[in-house]
Every structure is written in C-alpha cells, then in structure tokens.
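Structure, as structure tokens:
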C-alpha cells in the first residue's frame, strides 16, 4: 500500500494569538485553537494508522479530538518540536511582537552553528532533527500517518526533501528562511506527501 503522510501544524496557540508566554513547551491552545482541533477531527473521515506529535503541549491538545474519535489509533511522540533559537530565559512573559527584534537579530547573523544560549539550539541542530524525522518516516510501515508538528519544523522537513541540505552554509540558512516565509501553514493547515 502506498504511504500517505500528512504534516499538520498545531491549532491556534496562545503565542499565535498574541498572548504573553514564557516556555515554548508549555504554550497551550486558545479557545479558537480547541475549536480548530475539533473541526479538523470532524473532517478527517478515515482513521490514520499512526498519530505523531511533538513533545509540546499544543500539539498534544490538537490531537485530543482525533484520539477521542479514533480510540484505537496508536500515538507516538517524536522530537519534531518547534525551532527554539531564542533562549527561553530571554522570552519570559513576552509576546510574539516582543520577540521580533531578537528573531531578526538571530536570522541576520546567519550562522548555522551559532547557539544563542541555554535552552536554544543552533540551526544546524534544528536541521539535524528534521532530517532524523524525515528518515524515520521513510522506514516506518504504516500507510496513513498524521504528524502534528510546528510551522518552522514542517518547513524544514519539506526543505530537506526538496534540497541538498548537507552543507549548511550561511547561504543555505538564508535559503531555508526564504522557503519558510513563502510556505507558512495556517493553524491546522497541512501538507500531504505521497512519496518520501
């Protein structure tokens, strides 16, 4: 049976809606996000063979209606969480708007090996995680897989599938950033892959 994979961005989170947040892993869904998750589960007429989430609470909350609808579908947690390039200690009680200058400074540096501090990761480490996820998807046997992840991570997986990302130069990092900017998913938006 041909493999079908849906890469799905989590439903609307507190950070997406402009609320103040502190730790990336603890950001929850908004009420609108819970409603989006319900609608997504209603529209999915066929049960997946496997549900994958990141360790972050917003992906786990997004799958709750799906798990309730399809009780026997196995769930696995993979390291497919968002790219945290700003250390959490710098983001305490901040909004997405507050973090824009820090984000701009990071991307302007364009150094794939640079890590900004404790709790952050380098672009190189982020791409390594995305490659690991792509390689795992290649070898698992399930026919219909739904992976609930995050915008930048999904973009990284797609970028890896369509580009030679073995040599992570400053230019490659800029190339990824342009790719992500041009291919952003809405909350609960997804990309379907039929060959990997």
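Quick notes
- Inside segment 99-108, residues that are exposed (fewer than 14 other Cβ atoms within 10 Å of the Cβ) and farther than 13 Å from residue 152 by Cβ make up a count of 5.
Quick grid of which residues meet (1) out of contact with any helix residue (DSSP H, G or I) (no Cβ under 9 Å at 6 or more places or on another chain); (2) within 25 Å of residue 89 (Cα to Cα); (3) crowded, with 17+ Cβ neighbours inside 10 Å; (4) modelled with pLDDT under 95:
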{"site": "12", "(1), (2), (3), (4)": "no, yes, yes, no"}
{"site": "24", "(1), (2), (3), (4)": "no, yes, yes, yes"}
{"site": "28", "(1), (2), (3), (4)": "no, yes, no, no"}
{"site": "32", "(1), (2), (3), (4)": "yes, no, no, no"}
{"site": "37", "(1), (2), (3), (4)": "no, no, yes, no"}
{"site": "48", "(1), (2), (3), (4)": "no, no, yes, no"}
{"site": "52", "(1), (2), (3), (4)": "no, no, yes, no"}
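- Residues in segment 23-33 that are in a helix (DSSP H, G or I) and closer than 16 Å to residue 150 by Cα: 24, 25, 26, 33.
- Test for residue 17: is it in contact (Cβ under 8 Å) with a residue 12 or more places away in the chain and either in the same structural domain as residue 119 (by TED's automatic domain parsing) or touching a strand residue (DSSP E or B) at 6+ places or on another chain (Cβ under 9 Å) (or both): no
- Qualifying residue in segment 117-139 (condition: more than 17 Å from the chain's Cα centre (by Cα), part of a helix (DSSP H, G or I), crowded, with 16+ Cβ neighbours inside 10 Å and in contact (Cβ under 8 Å) with a residue 40 or more places away in the chain): no
- Output for segment 78-93, where each listed residue is touching a residue at least 40 places away in the same chain (Cβ under 8 Å) and buried (at least 16 other Cβ atoms within 10 Å of the Cβ): 78, 80, 81, 82, 83, 84, 85, 88, 91
- Residue check, residue 157 outside any helix (DSSP H, G or I) and under 30 Å from residue 47 (Cα atoms): no
- Every residue from segment 84-100 that is farther than 27 Å from residue 132 by Cα, in contact with a helix residue (DSSP H, G or I) (Cβ under 7 Å, 6 or more places away or on another chain) and not in a helix (DSSP H, G or I): 91
- Within the option set 61, 81, being under 16 Å from residue 150 (Cα atoms), under 18 Å from the mean Cα position of the chain (by Cα) and part of a helix (DSSP H, G or I) holds for one residue only, 61.
- Residue 195 meets all of the listed conditions (1) in contact (Cβ under 8 Å) with a residue 40 or more places away in the chain; (2) in contact with a helix residue (DSSP H, G or I) (Cβ under 7 Å, 6 or more places away or on another chain); (3) not in a helix (DSSP H, G or I) but one, namely (2).
- Of all residues in segment 140-170, those being free of Cβ contacts under 8 Å to residues at least 40 places away in the same chain and out of contact with any helix residue (DSSP H, G or I) (no Cβ under 7 Å at 6 or more places or on another chain) number 6.
The values are calculated or read from the model by the stated rules, or taken from the named source; none is laboratory data. Computed from a predicted model, the values in this text were never measured in an experiment. Because the Cβ atoms are built from the backbone with ideal geometry, glycine has one as well, and the counts that use them run over all protein chains shown.
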